[in-house]
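Accompanying notes for the structure given below.
The values are calculated or read from the model by the stated rules, or taken from the named source; none is laboratory data. This one's a predicted model, so the numbers in the text were calculated from it and none came from an experiment. So basically every Cβ, Gly included, is an ideal-geometry build from the backbone, and we count neighbours across all protein chains shown. Keep in mind that these areas ignore ligands, DNA and RNA; they rest on the heavy atoms of the full protein, side chains included. Shrake-Rupley method; radii C 1.70, N 1.55, O 1.52, S 1.80 Å.
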Amino acid sequence: MSAVEFYMSGESLHPIDMVETLAEHHAWDFDRMNEDQIAMAVEGQWRTYSVTLALDPHENMLRLVCTFEMDPPQATMAALYETLNRANDMVWSGAFSFWDSQRLMVWRYGLLLSEDQPAGIDQIERMIRSAILAAERFYPAFQLVAWADHNPDDALRMALAEAVGRA
């Protein structure tokens, strides 16, 4: 069953209400922090990601922040930042950054909303899924650079290589 079928829509709904319904539907742990913000834990292949969505009514924007802890050695930070820049060149929506003070890897995305055409539940679900997919896609490269002493080019090639054949 799709999220659209699951969620009965009639009138324009608050985007965070839709996110809460998605979290319930997918059995994600969540905390509705206030009317305009929700935080969730979404299980991925590599780790559990913290996903926060917040509505900024002044800018009419739905902001998504997907984070995971990462405490790379200081000696690898320059290579990690280079890897982040190269990863950002490979994606068209959102961007990675590293919040050094919190030791968090971050994927950020902002969806500009229209007064006439508010975001739909499928669009919001796609935002969340694409954030998790980006984190999952590049997580191995970040790990290879931070802890296995790979250079950014090799780490990205190895992490993004498609498996061929069968085991």
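At full extension, S114 and E59 could sit 18.8 nm farther apart than now, given 0.36 nm per residue minus the alpha carbon distance.
Under the convention that each Lys and Arg Cβ holds +1 and each Asp and Glu Cβ holds -1, the size of the dipole of the chain around its Cα centre is about 660 debye.
Around Q37, under 13 Å between beta carbons, what's the net of Lys plus Arg minus Asp minus Glu among the other residues? Within the 13 Å Cβ shell, the charges total -4. If R0 equals 22 Å, the separation of the Cβ atoms of R47 and M158 corresponds to a calculated FRET efficiency of about 0.75.
For the pair H25 and A78, what calculated FRET efficiency results from E = 1/(1 + (r/R0)^6), where r is the Cβ-Cβ distance and R0 = 45 Å, to the nearest 0.05?
Values: r = 42 Å, r/R0 = 0.93.
That gives a FRET efficiency of 0.60.
Each of F138, W99, L62 was scored by the projection of its Cα onto the charge dipole of the chain, and the greatest displacement toward the positive side belongs to F138; charges sit on the C-beta of Lys, Arg, Asp and Glu. Among the listed values (i) 116; (ii) 127; (iii) 146, the one computed from these coordinates for volume of the Cα convex hull per residue in Å³ is (iii).
Label segment 64-105 by shape, choosing from rounded, prolate and oblate, from the square roots a ≥ b ≥ c of the eigenvalues of the Cα gyration tensor; if a/c is under 1.5 it is rounded, and otherwise prolate applies when a/b is larger than b/c, oblate when it is not.
Oblate.
Remark on A119: its backbone amide H falls under 5 Å from those of S114, a criterion applied only to residues 5 or more positions apart or on other chains, H modelled at 1.01 Å from N. Using Cα springs under 10 Å in a Gaussian network model of the chain, which residue among E115, E82, E43 shows the largest mean-square fluctuation? In the Gaussian network model the winner is E115.
Normalising by the residue count of the chain, find the relative contact order in percent from Cα pairs under 8 Å and 6+ residues apart.
Details: 242 pairs, mean separation 35.6, N = 167.
Here the relative contact order equals 21 percent.
Can you give the accessible area per residue of segment 52-101, in Å², using a 1.4 Å probe?
Numbers: 2700 Å² over 50 residues.
Heavy-atom SASA per residue in segment 52-101 reads 54 Å².
Between D89 and D36, what FRET efficiency follows from the Cβ-Cβ distance if R0 is 30 Å, with the result rounded to 0.05?
Between D89 and D36 the formula returns 0.40.
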